[in-house]
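Beneath this line is the structure, given in structure tokens, with notes to follow.
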Amino acid sequence: MARTVRTSERTTFGSCVQKWYWAYIDRLKPRQQAVALTFGTVVHEALATYYPPGIVRGPAPAETFIKVMDELGIDLNMRNDDDAHVSGREMGVAMLNGYVKHWGRDDDFEIIAPEMDFRVAMYTDDDEHLADYVGTMDAMMRLRRDGRLGILEHKTAKSISFAHIFLDEQVSSYWALAPYFLNQQGIIGPDQWLDFVFYNVLRKALPDPRPRNAQGLYLNKPTKANPEGEVSKRQPKPLFERRTITRGHAEIDNLFARTSIQVQHMNYYEQNPDMVYKSPGKDCSWCPFRDMCELHETGNDWESFRDATMVTWNPYDAHEPADPSKKVNLTVAGTRKGGWTITDED
């Protein structure tokens, strides 16, 4: 049976085989979801409601944020730029109100389709079912000024950086696979492809309360000598940024090559658990398995800790097709050296 794989799993596998094994083979996750994940999930839901299909925007995302938080019956302990503790509700409302104020109603683009899960079956040239690649797109969008098509992807982050974006696997997987699914669903035409992936990033921080001058620069507190206040040397980092990213044929070729190799390695480690190993490093600081892994590493009773703090989950539950016949089958043929070809299969 072919493996189901998604980008986050491939990223986890590349960072630490042990972490991947616990998360995707043993299917473990902490009973308490990380604050950052919960916060990001609620912000995503608020933005999904704000961007329904068409050009008319939905309810204010801050209102949806509070509604969902009330339904969950929680608040979250966040940290602001000065490392002070902040209510998650306060931060979420401030962020989303600031977001609408900053970007306006986004009249320049139309939402073609809201959040959707995709599943694409990949085959080798030997007709071997390599894997089912799955993912979730936040929205499909069209620029009204020129008709170009893209995928809208929302992100929340403690700091905004695009240094990695040109090698980002999520962008590459969308670019390589999503058009086939979108075509099969009738969302785009048979000869259409993506023109861009649109990254919409919100920084998790409260707005700077200091006054600003006409140029938008933040000012220090007024003094008798300067009642308006001097321009501060410490200007805050942007709260909201957007980038448009594209890919080419070479990136698609390399994505398929990496995926093929990784799937083979995943199959090997699943069948040979004694060969699973850890990759200790700074990423351990925010790993959900850190405490359990430390007990495992020191030879202590990690299994009791696992049973007390972990639950099992299905990482692909949202991607199980209601109708398996609706899957899009792709033939992924060739080798890294010889190149890859893709053809639709009935």
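Throughout, read-outs are computed from the coordinates displayed, never taken from laboratory work. Only a predicted model underlies this, so the values are computations on that prediction, with no experimental measurement involved. Counting neighbours? That spans all protein chains shown, and the Cβs are built from the backbone with ideal geometry, glycine included.
Annotations for the structure displayed:
- Cα pair count fraction exceeding 14 Å, expressed as % - the range 140-218: 71
- Mean residue ellipticity, 222 nm, helices only, the chain: the sum of -39500 (n - 2.57) across DSSP H runs of n ≥ 4, divided by residue count and rounded to 500, is -10500 deg cm²/dmol.
- Unit charges on C-beta of K, R, D, E only; dipole of the chain, Debye: 1620
- Spin-label pair residue 274/residue 125, simplified geometry with 7 Å Cα→Cβ offset, distance in nm: 3.7
- Spatial separation of Cα centroids for the range 154-214 and the range 39-117, in angstrom: 16
- Placing unit charges on the Cβ atoms of the charged side chains and taking the dipole of the chain about its Cα centre, the candidate lying farthest along the positive direction among 93, 136, 293 is 93.
- Restricting the trypsin sites (Lys or Arg not before Pro) of the range 107-155 to loop positions (DSSP other than H, G, I, E, B) with no more than 15 neighbouring Cβ atoms within 10 Å leaves 144, 145, 148.
- In plain terms, the bigger the Kirkwood radius, the slower the diffusion; for the range 215-286, with that radius from Cα pairs, at 10 °C and 1.306 mPa s, Stokes-Einstein puts D at 85 µm²/s.
- For the chain, leaving out every one of the chymotrypsin sites (Phe, Trp or Tyr not before Pro) that falls in a DSSP loop and has at most 16 other Cβ atoms within 10 Å, the longest unbroken run is 1-161.
- Only the Cβ atoms of Lys and Arg (+1) and of Asp and Glu (-1) were treated as charged; on that basis the dipole of the range 83-130 about its Cα centre amounts to roughly 600 debye.
- Counting every other Cβ atom within 10 Å of each residue's Cβ, 278, 233, 29 order from fewest to most as 233, 278, 29.
- Highest mobility in the GNM of the chain, judged by mean-square fluctuation with C-alpha springs under 10 Å and restricted to 202, 217, 167, is found for 217.
- At most 11 other Cβ within 10 Å, DSSP loop - trypsin sites (Lys or Arg not before Pro), the range 1-78: 31
- Equivalent ellipsoid, the range 1-48 (semi-axes from 5 times Cα gyration tensor eigenvalues, Å): 24, 14, 10
- Candidate values [x] 0.95; [y] 1.12; [z] 0.99 were compared with Cα Rg over 2.2 N^0.38 Å computed on the shown model; the agreeing label is [y].
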